[in-house]
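**Q** Before we start, here is the structure in question, set down as structure tokens.
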Amino acid sequence: MSSSPSNEDWRRLDRMVTGRVRRPGESGFTEASMPFNKRFAATVPSGVVSVANTADVRNAIEWARHTGVDVVARGGGHSYAGHSVNTGLVIDLSAMNTVSANGSTGLVTVAGGALMADVYAAIQPHEMAFALGNGASVGIAGLTLGGGCGATSRVLGLTADALVATTLVTADGQLLHCDANENADLFWACRGGGGGNFGINVSFTFQARPVADCASYLLLWDRADAPKVISVLQDVVLGGPDEFAARIGVSTIGESKSVVSAIGQHLGSAKELREILDPVLSVAQPIRMNLEDRTFWQAKDDLLHETAEGAFAARTGIVTRPLPEEAIATMLSFVDRRPGSGNPDGGGAALFSWGGAINRVGATDTAFAHRNALFLLSMDTSWAENDEPAVVDANLRWLSDLADAMSPYVSDGAFQNFIDPDLADWRNAYYGVNYPRLEQIKERVDPDGVFTFAQSIGS
């Protein structure tokens, strides 16, 4: 239970750090504490410390322990479950956003508060990359710690698979360097063990690989073509090279008809890409088709996606074999009758192509256990902050019913990067066989549960 520090306690914290301490009502407080998912906008911290350096992080943790205040780290603030904010102290890392890239070694060192946009800006001049997400404002820390996937993951693996070292501040204020040889257990846990569990990661070092020109595509079909399009696209992914990536989606906004889409890239030419996609182009003519050669960086921009403002919820499933016809029909029928809302982002379901390099790492080699997936199934819905409670309830009920209906066709796993506050068996779903080891590491590095939140390791 978070205590209530006195005004003098807060002034003492201000003296302990180089960065800025903000309280509710002060300039910059809302920007430094508002969760990306407005579903959790009512959660307001007692204070935010925008740290300037690692010493500030250590001092802030020490202060929180001394005063008995709950503490949470905030990078990009994108936690789907709002875990980047609490009612105690938020340690805002956004000012710690430096990125250095070495073109000769391929090593990229990233401070804990850096966003995707910061990383891309540093690596582009060197024509090298590792798997990164599709949101420019997503934080590198949360992405990496949950595993992290992107359109290049079938070739480059997960974001966490590119990690070669990380440094974190633990609950007792130690600054620990972690790699394959030093603090190896903690290094293992930081590759898929979830954000905010073991300390505050202040630095990450990744191994990037050279990139070349590629091709990107966007295809849209009529709803009537959805069953055969989704079925054939699954086969296209399974039969295609690792260089080919797809997000196969069906979505609806308000009262509008469902739209079926495929978006992705191929680390090869547009000619090769068209040949890969020929089976689905032959079975149903798209109503829109963009397919062209691109630089790697143009393709990255083509795939950028930012969720609309407002509140949302998501459920995920790990697909280990192609969805059969009845599963596709079930998914489509649910999306067709999704409740409306005031959020222009709408809702729906999507299959993200996994496999490839992701599955060439063992389930216990890192904390990320989902190494047998063909696709990630993501189901989501959204609503506006001013929607009536009945609208919110209807959307959440629809999402829960959809997930239940799809459960026979997926494994019992779920994706920890899309953390779901409504998921009951989250320990097994996120971490599977790796949870007992994660619990042991948590007990060793944070025996007092300083870094504790709903769905934290050991809770």
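The values are calculated or read from the model by the stated rules, or taken from the named source; none is laboratory data. These numbers were taken from a predicted model, which means no experiment stands behind them. Virtual Cβ from ideal backbone geometry, glycine too; neighbours counted across all protein chains shown.
**Q** Go through the residues of the stretch 268-290 one by one and say whether even a single one is under 27 Å from Lys38 (Cβ atoms) and either assigned by TED's automatic domain parsing to the domain that holds Arg223 or among the charged types (D, E, K, R) (or both). Walk me through it before giving the result.
**A** Kept after step one, since they are under 27 Å from Lys38 (Cβ atoms), are these residues of the stretch 268-290: none.
Checked the stretch 268-290: no residue is under 27 Å from Lys38 (Cβ atoms) and either assigned by TED's automatic domain parsing to the domain that holds Arg223 or among the charged types (D, E, K, R) (or both).
**Q** Here's a follow-up. Report, by residue number, each residue of the stretch 327-343 that is surrounded by fewer than 17 Cβ atoms within 10 Å (Cβ to Cβ) and of a type outside the set (S, T, N, Q).
**A** The answer is Ala329, Asp336, Arg337, Gly342.
**Q** Please return the ranges of strands (runs of 3 or more DSSP E) entirely within the stretch 154-244 where 3 or more residues are under 18 Å from the mean Cα position of the chain (by Cα).
**A** On the way: elements: 163-169, 175-178, 200-207, 214-221.
Output list reads 200-207.
**Q** Of the residues in the stretch 102-119, how many are within 20 Å of Gly135 (Cβ to Cβ) and out of contact with any Leu (no Cβ under 7 Å at 6 or more places or on another chain)? Give the steps one after another, and end with the answer.
**A** Filtering the stretch 102-119 for residues within 20 Å of Gly135 (Cβ to Cβ) gives 108, 110-119.
Within this subset, residues satisfying the condition of being out of contact with any Leu (no Cβ under 7 Å at 6 or more places or on another chain) are 108, 110-111, 114-115, 117-118.
Here the count works out to 7.
**Q** I'd like the full set of residues that are more than 16 Å from Gly346 (Cα to Cα) and surrounded by 18 or more Cβ atoms within 10 Å (Cβ to Cβ), limited to the stretch 384-404.
**A** Of everything in the stretch 384-404, just one residue is more than 16 Å from Gly346 (Cα to Cα) and surrounded by 18 or more Cβ atoms within 10 Å (Cβ to Cβ), namely Ala403.
**Q** Looking only at the stretch 69-107, which residues are hydroxyl-bearing (Ser, Thr, Tyr) and not in a loop (DSSP other than H, G, I, E, B)?
**A** Within the stretch 69-107, the first condition is being hydroxyl-bearing (Ser, Thr, Tyr), and the residues that meet it are 79-80, 84, 87, 94, 98, 100, 104-105.
Across the stretch 69-107, the qualifying residue is only Ser100.
**Q** Name the helices (runs of 4 or more DSSP H) wholly inside the stretch 346-459 in which the number of residues that are in contact with a strand residue (DSSP E or B) (Cβ under 8 Å, 6 or more places away or on another chain) is 3 or more.
**A** 389-406
**Q** Glu31 - would you say it is surrounded by fewer than 18 Cβ atoms within 10 Å (Cβ to Cβ) and free of Cβ contacts under 8 Å to residues at least 24 places away in the same chain? Spell out how you get there, then give the answer.
**A** On the way: surrounded by fewer than 18 Cβ atoms within 10 Å (Cβ to Cβ): yes; free of Cβ contacts under 8 Å to residues at least 24 places away in the same chain: yes.
Here the answer is yes, as Glu31 does meet what is asked.
**Q** When only residues in the stretch 344-359 that are farther than 18 Å from Gly249 by Cα and more than 18 Å from the chain's Cα centre (by Cα) count, which is surrounded by the most Cβ atoms within 10 Å (Cβ to Cβ)?
**A** That would be Gly356.
**Q** Considering only the stretch 262-288, state which residues are surrounded by fewer than 19 Cβ atoms within 10 Å (Cβ to Cβ) and in a strand (DSSP E or B).
**A** Listed by number, the list holds a single entry, Arg288.
**Q** Can you list residue pairs whose Cβ atoms sit under 8 Å apart, with the first residue in the stretch 413-426 being assigned by TED's automatic domain parsing to the domain that holds Arg321 and the second being in a helix (DSSP H, G or I) and crowded, with 24+ Cβ neighbours inside 10 Å? Count only pairs 6 or more apart in sequence or on different chains.
**A** Close Cβ pairs satisfying both conditions: Gly413/Tyr430; Ala414/Tyr430; Phe415/Tyr430; Gln416/Tyr430; Gln416/Tyr431; Asn417/Gly142; Asn417/Leu143; Ile419/Tyr430.
**Q** Quick one: in the stretch 405-432, which of the residues that are of a type in the set (Phe, Trp, Tyr) and under 26 Å from Ala262 (Cα atoms) is surrounded by the most Cβ atoms within 10 Å (Cβ to Cβ)? Outline the logic, then answer.
**A** Let us first name the residues in the stretch 405-432 that are of a type in the set (Phe, Trp, Tyr), namely 409, 415, 418, 426, 430-431.
Subsequent filtering for residues that are under 26 Å from Ala262 (Cα atoms) retains 409, 415, 418.
On the way: Tyr409: 19, Phe415: 26, Phe418: 20.
Among those residues, the one meeting the criterion is Phe415.
**Q** Run Thr105 past the list (1) over 29 Å from Glu8 (Cα atoms); (2) touching a helix residue (DSSP H, G or I) at 6+ places or on another chain (Cβ under 9 Å); (3) hydroxyl-bearing (Ser, Thr, Tyr) and report the number of the one that doesn't hold.
**A** (2)
**Q** Please work out which one of (1) crowded, with 22+ Cβ neighbours inside 10 Å; (2) touching a residue at least 24 places away in the same chain (Cβ under 8 Å) is the condition Cys178 fails and give its number.
**A** Result: Cys178 fails condition (2) only.
**Q** Identify, please: which residue in the stretch 433-459 is aliphatic (A, V, I, L, M) and within 20 Å of Val71 (Cα to Cα) and is, among those, surrounded by the fewest Cβ atoms within 10 Å (Cβ to Cβ)?
**A** Of all residues in the stretch 433-459, those aliphatic (A, V, I, L, M) come to 433, 438, 441, 445, 450, 454, 457.
If we keep only those that are within 20 Å of Val71 (Cα to Cα) as well, we get 441, 445, 450, 454, 457.
Details: Ile441: 22, Val445: 22, Val450: 16, Ala454: 11, Ile457: 25.
So, considering only residues that are aliphatic (A, V, I, L, M) and within 20 Å of Val71 (Cα to Cα), the one surrounded by the fewest Cβ atoms within 10 Å (Cβ to Cβ) is Ala454.
**Q** What is the number of the single condition among (1) over 14 Å from Ala131 (Cα atoms); (2) out of contact with any Cys (no Cβ under 9 Å at 6 or more places or on another chain); (3) in contact (Cβ under 8 Å) with a residue 12 or more places away in the chain that Ser153 does not meet?
**A** Failing condition for Ser153: (1).
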